[in-house]
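Enquirer: Below you will find the structure I want to go over with you.
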Amino acid sequence: PTIHLKDYRPPEFLIDQVDLRFELDPDTTQVEATLAIRRNPAATRGDGNLRLDGEQLELEYLAIDDRPLARSEYRVEPEALILRRVPDRFRLVTRVRIHPARNTALEGLYQSGSMLCTQCEAEGFRRITYFLDRPDVMARFSTTLIADRDRFPILLANGNPGPSQDLGDGRHLARWDDPFPKPCYLFALVAGDLHQVEDRFTTASGREVSLRLFVEPEHHDQCEHAMRSLKKAMRWDEERYGREYDLDVYLIVAVSHFNMGAMENKGLNIFNAKYVLARPDTATDQDYLGIQGVIAHEYFHNWTGNRITCRDWFQLSLKEGFTVFRDQEFSADMGSRDVTRIADVRNLRNRQFPEDSGPLAHPVRPDAYIEINNFYTATVYEKGAELVRMLATLLGPDAFRRGTDLYFARHDGQAVTIEDFIACLAEASGRDLGPFLRWYAQPGTPELEVRDQWEDETGTYRLTIRQRIPATSDRPSSGPLPIPVAVGLLDAKGRDLPLHLADEPAPTPAGTRVLELHTDETSFRFVGLAARPIPSLLRGFSAPVKVRYDYSDQDLVFLMTHDSDGFNRWDAAQSLAQRLLLQGVSEPNTPLPSGFIDAFRRTLTDEDADPGLRAEILTLPSEAYLGDQMETVDVEGIHRARETLIGQIATTLRAELLATYRANQDPGPYRLTPLAIGRRALKNLALAYLMHTSDDETLALCQAQFAAHQNMTDVMAALRWLVEAGGETADQALDAFYRRWSDDALVVDKWFGIQALSQRDDTLLRVESLLDHEAFTMTNPNRLRSLVGTFCLMNQLRFHAASGAGYVFLVDRVLELDPKNPQIAARLVQALAQWRRFDETRRGLMRGQLERLFHTPDLSKDVYEVVAKTLGSS
Ligand code: ARG
Ligand code: ZN
């Protein structure tokens, strides 16, 4: 059954107050819910019945205003409880039994290790109790938790702590009250024997907040970074958006079994342990940055998501797009802005662009779904964030802030739509943002075709930009999109020129300026120039589009070494490398253009530039990204071309690479400054190139780095290439690593992941035998992703082996997993989403495996929807 945006109707009933009472036990938990229900005056009257959502609940007791209902007054369906002819206002009491330990889907109330926890977004609350499980029903919640005191000394729920009590029979009770009305997807509880780390924060207006982090006891010494990140995020949101925290406590719990990254439940965030735990010897720089970003993301949701929530799930990007934009800007402020932006754009291009051009393409605001869990996508999140970024760019910082202030003031406590958000920005800025809404409805990545013209006599330079929106079969184009294009013009020395548009009285100072596109084609005439400039287009990636402009190799070399915009230096290097690599696929023996290796050398040795940025500029595009740029993906050709280029760079620049490797060693204590992170990145990039040849000298360097155990960033960088070197070297390193870390699940995940990533030709065999390893389990999503996910989604060369063995392996796993955890199973299927882009043989093999799935009886909605769309049968 497909759900459509156009079918939205306000709820017929509202719930004002919810009092929940849990008698917690992993085998059987009893949930008593008391709901204050009334008819919604704003809704049209239906048949007088009330339909509550509920799945896998065993109903034990049911009463309206204290009167137990007769069998004829209600009906229990697999996914609902229907109450006949209810009054306009009443108190409903239900009691149900549920079974957390048997809950393998990790939705609703489930067991992780020895603790009990919840995940309700999007529709998990209906697996806890009967309710109106939709985000536009906002209620005040109180939660009473009762559990065995020894097994579950810590009992947590949303809001502020209330009275607690020993019940004398080995059990104890804790009560929590959340004063803020919220939709039930933000409900959470946790029970367990957890270690607590406490800190405090004083808000701008003087409210004292107790910050508490809960982890499994053995992780007590891996909490510092998460706590520090939380305090930074709280301060940043006050300064940048004027947003303060609103409860007496802020709780974060790290759990080992979690489907996604983390969840912003009101006052009680529940996190995948991966996004909390860190120590220099266990976590890489990327892990540290991921934690900082996700901690901030969930914290920022308190305003963008919780205080103001979504009217319905089609509006998901209202909270996710905005919150991702907020966490990206926070990360940019905390670290290196250029490097942060590059990482975000690379992620968008690697994940969202293919999604947007494939069978699972959907608008940032989807208009139909079968299973909403399939729409927590790169498009809704990351492209959604780019849309908010464009709005911020178009309005400028002051008007954007006035707009968000208005949004928070006007809609606090409400469940709203993307139009409501845009209306606030429009009103506060005086701009007509009506056309901007097209961005939310239009799938596909727009292309900008840029042409230019130079008139020597008048010193005039004309830029003409045409936007092209890819046609999709099932919907008409929405019309031209408003697109901010940040540009600069460079002179022959690489200096930014003042920009003087012909219809303006004076130039703007040298630097970047934002041109706006509102029609299909727009021309901009710059006057007063002494010579033909080189354009630097879409600086900072000011819009989620592809730019087509006919740069010469020399232009790209020039931009890569001179552009004042760090992002565009990287982007020029990417474009040039992509061009050379794709040429290398079709004509393997083409010599490199003059200047390319030189530009590489200059960047490598340019001590004045940020080492993190240099490392990014010198990193070649991934094999998967290159595949996405080809008409038909040439799996082996891409690999060969890329390896060849790496080899050429490594050989020609060996001396410089060695010098860079040595010059960027930091023997002191681990530091997380942008400079320290950048130096490690640059050093490890040099190591990666050097290890391409892995002669005795570089192998010794790599082994020494591995053995030194300076920090996990360096250990992983070394292990990666030792594994690639193969043979005894690889086995010894892997064994040593496993023996040292077998007790730390997150590090063991890395151990699985690095083997799944290997480009050696026996990788699939290895991955298959690792399924039988003592530490492997399908029931922990992190573990599953580290082995199966990494191999199928990140190892293009070996997953797409011409034999098709990778595809069979994947579908075997999906079939095994689907009955237990459909959400994760559906994610894995996406490894086949690009099947039409491959050669005929692979296409046929992938299609065969998709059909094998399609014809499996009792597939989950999650997997069914992805498979049907991927095959094109829905
Ligand atoms: N709202 C969470 C976040 O972005 C993600 C929840 C994902 N849940 C799901 N069922 N897909 O922080
Ligand atoms: Zn989120």
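Where a number appears in this text, it was derived from the coordinates with a stated rule and is not lab data. Computed from a predicted model, the values in this text were never measured in an experiment. Cβ atoms come from the backbone with ideal geometry, glycine included; neighbour counts cover every protein chain shown.
Enquirer: Given a Förster radius of 30 Å and the C-beta distance between Ser742 and Arg149 as r, what FRET efficiency does 1/(1 + (r/R0)^6) yield to the nearest 0.05?
Expert: Working: r = 32 Å, r/R0 = 1.07.
FRET efficiency, Ser742 to Arg149: 0.40.
Enquirer: Determine the alpha carbon to alpha carbon distance for each of Lys182/Lys232; Lys6/Lys546; Lys182/Lys861; Lys274/Lys319 and list only those over 29 Å.
Expert: Working: Lys182/Lys232 26 Å; Lys6/Lys546 31 Å; Lys182/Lys861 27 Å; Lys274/Lys319 23 Å.
As for pairs spanning more than 29 Å Cα to Cα, those are Lys6/Lys546.
Enquirer: Please work out whether the chain counts as rounded, prolate or oblate from its C-alpha gyration tensor, where a ≥ b ≥ c are the square roots of the eigenvalues and a/c under 1.5 means rounded, while otherwise a/b larger than b/c means prolate and anything else oblate? The partial results should precede the final answer.
Expert: Values: a/c = 1.70, a/b = 1.37, b/c = 1.24.
Prolate.
Enquirer: Something else about it: If each of Glu636 and Asp550 carries a label point 7 Å out from its Cα toward its Cβ, how far apart are those two points in nm?
Expert: That separation, rounded to one decimal, is 3.6 nm.
Enquirer: With just the Cα atoms defining each centre, how far is the range 29-75 from the range 509-553? Give it in Å.
Expert: 60 Å
Enquirer: Further question on the same structure: What is the order of Glu320, Glu840, Glu419, fewest Cβ neighbours within 10 Å to most?
Expert: Going from sparsest to densest Cβ surroundings: Glu840, Glu419, Glu320.
Enquirer: Could I ask something else about it? Rounded to the nearest 0.05, what FRET efficiency is calculated for Ala707 and Asp405 with R0 set to 56 Å and r the Cβ-Cβ distance? Working shown, then result.
Expert: Working: r = 55 Å, r/R0 = 0.98.
The formula returns an efficiency of 0.55 here.
Enquirer: At what distance in angstrom do the alpha carbon centres of the range 392-438 and the range 631-703 lie from each other?
Expert: Computed from Cα coordinates, the inter-centre distance equals 45 Å.
Enquirer: Using a 7 Å offset from the Cα along the Cα-to-Cβ direction at both Glu58 and Thr203, what is the distance between the two label points in nm, to one decimal?
Expert: 4.3 nm
Enquirer: With r defined as the distance between the Cβ atoms of Arg601 and Asp474 and R0 fixed at 45 Å, what FRET efficiency is calculated, to the nearest 0.05?
Expert: On the way: r = 50 Å, r/R0 = 1.11.
For Arg601 and Asp474, the calculated efficiency is 0.35.
Enquirer: Moving to a separate point now. Going by amide H atoms built from the backbone, whose H comes under 5 Å of the H on Arg171, apart from near neighbours?
Expert: Correct list: Arg149.
Enquirer: Treat the count of other C-beta atoms within 10 Å as a stand-in for reagent exposure and order Asp367, Asp858, Asp47 from fewest to most.
Expert: Numbers: Asp367 13, Asp858 7, Asp47 10.
With the fewest neighbours first, Asp367, Asp858, Asp47 line up as Asp858, Asp47, Asp367.
Enquirer: Still on this model: Work out how much length Asp88 to Arg532 would gain on full extension: take 0.36 nm times their residue separation and subtract the Cα-Cα distance, in nm to one decimal.
Expert: Numbers: separation 444, 0.36 × 444 = 159.84 nm, distance 7.47 nm.
Here the segment from Asp88 to Arg532 would lengthen by 152.4 nm.
Enquirer: Place a +1 charge on the Cβ of each Lys and Arg in the chain and a -1 charge on the Cβ of each Asp and Glu, then give the dipole magnitude about the Cα centre in debye, rounded to the nearest 20.
Expert: Working: 101 positive and 129 negative charges, 256 e Å.
Dipole magnitude for the chain comes out near 1220 debye.
Enquirer: Hey, another quick one. Suppose every K and R has +1 on its Cβ and every D and E has -1 on its Cβ; what is the size of the dipole of the range 1-67 about the Cα centre, in Debye to the nearest 20? Mind showing how you got there, number by number?
Expert: Working: 8 positive and 15 negative charges, 141 e Å.
Charge dipole, the range 1-67, about its Cα centre: 680 debye, nearest 20.
Enquirer: If you rank Phe353, Phe258 by fewest surrounding Cβ atoms within 10 Å, what's the result?
Expert: Working: Phe353 20, Phe258 23.
With the sparsest Cβ surroundings first, the list reads Phe353, Phe258.
Enquirer: Could you calculate the contour length gain from Asp608 to Asp16, that is, 0.36 nm times the residue separation minus the distance between their Cα atoms, to one decimal place in nm? Display every interim value, and only then the final one.
Expert: On the way: separation 592, 0.36 × 592 = 213.12 nm, distance 6.07 nm.
Contour length minus the Cα-Cα distance gives 207.0 nm.
Enquirer: Taking 7 Å along the Cα-to-C-beta vector as the label spot, tell me the Ser164-Glu774 distance in nanometres, rounded to one decimal.
Expert: Label-label distance for Ser164 and Glu774, simple model: 3.7 nm.
Enquirer: How much length is gained if the chain between Ser210 and His855 is pulled fully straight, taking 0.36 nm per residue apart and subtracting their Cα-Cα distance, in nm to one decimal?
Expert: Values: separation 645, 0.36 × 645 = 232.20 nm, distance 5.32 nm.
Residue separation times 0.36 nm, minus the Cα-Cα distance, leaves 226.9 nm.
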